Amino acid sequence: MQNKFNKLSWAVAIAAATFAGQASAGGYQINEQSVSGQGYGHAGRSSNVHDATIVFGNPAGMSFLDRAQISAGGTYLDVSSDITVLDAEGNLGGMSTGPTPGTSEGDMVPGKLVPFAFYAQPLNERLAFGLGVYAPFGSMTEYEEGFQGRYFGDYTEVRVVSAQPTLSYRINDQWSVGAGITYNRVDGELRRRVPGNPAQPFDPSADIDSRVEGDDDGWGYNLGVIYQPVPETTLGLTYRSKVDYTLTGDFRAFDPAGNVVRADDASLDLTTPETVNFSLTQQMSDRLTLMFGASWTRWSRFEQILVTGSQGQQITQETQGYSNAWAFAVGGEYQLNPQLALRAGVSLDNTPTSDQHRSVRIPSDDRRIFSIGAGWTPIEDLTLDFAYSYLTERSTRVSQSRDDLYNGLGGATYTADYKNEAHGFGAQLTYRF
C-alpha cells in the first residue's frame, strides 16, 4: 500500500512525495502552496497575481499573466510543543490503578518540507492553461515510546497530494473566470496502544500496538472569479470543493514480541472539506500594495474517525466534532526597487476543534501567524522568493477518557495542557519563458 502511494506521488509530483507536517492552517489543512504569498500571510490569495502559484490561489488569475512561467518551491515547518500533564490514570474492574506509567515529552511533530510546483501558460489573449501539484491537507503527530496518552493515539499521519489542471478565461478588462479539476490521493495511518495484560496493568512493556493504514483517491474541482473595477483594485473569490474518500487497507495488532495477534481489513470514510476564499488587493501607490483576505472552511464534515473491519464491526471510533471555521489575514508589499520587493502579513486562524473533543492526535487551538518575506528579481525572467513565518497557538487543553480497555473491564484518562508553536522557512523559484 505504501509502495503504491509512493509510485503515484513520484509520477505526479516529481520530487514532491513526502507531505506534510503539522499544518499551518486550522485542523489538518495546509497553507503552504506559495512562498511569495507566504510573505504577506496569504492575505491576497485569491486576488494578488504574482506568479504561477495563482493556479492554486485563484484559477481565474492565470489570464492576468503575460507569458508562460513555472513556480516551484517549498516551506520547511519546524514545530515544537510543550505538554504539562494534569492527570493520566487507569482503572481496572472499577478500581484505580494509579498514574499511568509513561512520559509526555512534547515536540511530537517531526520537521517536514511541504513542496509544490505550478505551471501557467497563456494560450491566447484571453485563455490560459495551468497545472499544479501540491498538498492541500496533511498532519502528523508522533509521540515517544511510552507516551502517557498512548491509549488515545500515539501516531497519526494523513497525507494528501493533489494534481490540478486548470483553465482561465479573461472575459474583458474587468472580469476573469477560471476552473480546474483535482485528482487527489490520500494516505493515512493511525496507531494507538491497548493494554495487554491485566497482571501488568497499564505497563508500557505489555501493551498491544494497534495500527490501521489505508489509502484512496478522489476527484474534486475549484472555481474562481476575479473582478477589477479599476486597475488599482482587484477582488478575487475562489471555491474549492469537498473530496470524498473511502480509505481501505489493513488493521494489525502486535504483541510486545512483535507477533501479529489480530489482523483484518480496514475501512475509513473521510471527507476533506470545501473552502471559500475572498481577498482584496489594493495598490496604494507605485510602490505600496495592501491586501486583505478571509477564508471559510466547512470543517463540520469531520465528525468522527470511524474505522470498520471486513464484517462491518467497529475497530475504532473517535469523535472529532469539528465546526466550521474562519481565518483572516492582512498583508502588504513594498517595492523597494525594481529588483527587490519586501512583504509582511498577519493571519488569524480560528480552530475548528472544541474543548470537548480535542484529542492528542491534533491538539490544536486558535492560531496567530506573523510572516515576512522578500522577492528578488536579479534578471527579468527569474524571481527568487523567500519567507519566514512564526505561528503561535493559544494554550489549550486535551482531556480524554475511555472505558473500553481490557475487554470493557478497564478505562483510562488523560488530561494535559499543550502549548504549540512553529517556524516556517520558505523558498521559491519562478522562471518566465
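Odds and ends about this structure:
- For region 218-329, accessible area per residue (1.4 Å probe, heavy atoms of protein chains only), Å²: 49 Å²
- Cα-derived Rg over Rh, computed across the chain with Rh taken as Kirkwood radius: 1.02
- Each part reduced to its alpha carbon centroid, region 380-433 and region 340-368 end up 8 Å apart.
- Listed peptides 89-97, 245-253, 347-355, 111-119 appear in the order 111-119, 347-355, 245-253, 89-97 once ranked by packing, highest mean of other Cβ atoms within 10 Å at the front.
- Ligands, DNA and RNA left out, the 1.4 Å accessible surface of the chain is 55% carbon and sulfur atoms.
- Three-way shape label, region 265-375, alpha-carbon gyration tensor, a/c 1.5: prolate
- Using a cutoff of 8 angstrom between alpha carbon atoms and counting only pairs six or more residues apart, the relative contact order for the chain works out to 19 percent.
- Computed from the Cβ-Cβ distance with R0 of 30 Å, the FRET efficiency linking Asn407 to Asp217 stands at 0.20.
- Whole-Å distance, taken between Cα centres, linking region 64-81 and region 235-288: 19 Å
- Computed from the Cβ-Cβ distance with R0 of 45 Å, the FRET efficiency linking Glu142 to Arg67 stands at 0.55.
- Taking θ as phi - 60° and the Karplus parameters 6.51, -1.76 and 1.60, the scalar couplings of region 235-244 work out to 10, x, 9, 10, 10, 10, 6, 5, 9, 9 Hz in sequence order, x denoting glycine and proline.
- The residues packed around Leu270, meaning those with a beta-carbon under 10 Å from its beta-carbon, carry a net charge of -2 if Lys and Arg are +1 and Asp and Glu are -1.
- Gyration tensor (alpha-carbon) shape descriptor, region 120-234, a/c threshold 1.5: prolate
- With Cα atoms, 0 to 90° folded angle of helix 2-13 axis to the chain main axis: 10 degrees
- Take the Cα of Glu125, go 7 Å toward its beta carbon, and the backbone nitrogen atoms of region 147-173 under 15 Å from that spot belong to 170-173.
- When every Cα-Cα distance of region 329-389 is counted in 5 angstrom steps from zero, the calculated P(r) takes the values 4, 15, 19, 14, 12, 10, 9, 7, 6, 3, 1 percent.
- Distance between the pseudo-spin-label points of Val230 and Asn350 (7 Å out from Cα toward the beta carbon): 3.2 nm.
- 13 Å beta-carbon shell around Pro115, net charge (K/R +1, D/E -1): +1
- A simple spin-label model places pseudo-atoms 7 Å from Cα toward Cβ; at Ser80 and Gln314 they are separated by 4.0 nm.
- Highest mean packing first, where packing is the average number of other Cβ atoms within 10 Å per residue, the peptides 310-319, 335-344, 214-223 line up as 214-223, 335-344, 310-319.
- Near Asp417, once Lys and Arg are set to +1 and Asp and Glu to -1 for all other residues with Cβ below 10 Å from its Cβ, the sum equals +1.
The values are calculated or read from the model by the stated rules, or taken from the named source; none is laboratory data. Predicted, not measured: the structure shown is a model, and the values here were computed from it. Please note: Cβ atoms are built from the backbone with ideal geometry, for glycine as well, and neighbour counts cover all protein chains shown. Accessible surface areas use protein heavy atoms only, side chains included; no ligands, DNA or RNA. Shrake-Rupley method; radii C 1.70, N 1.55, O 1.52, S 1.80 Å.
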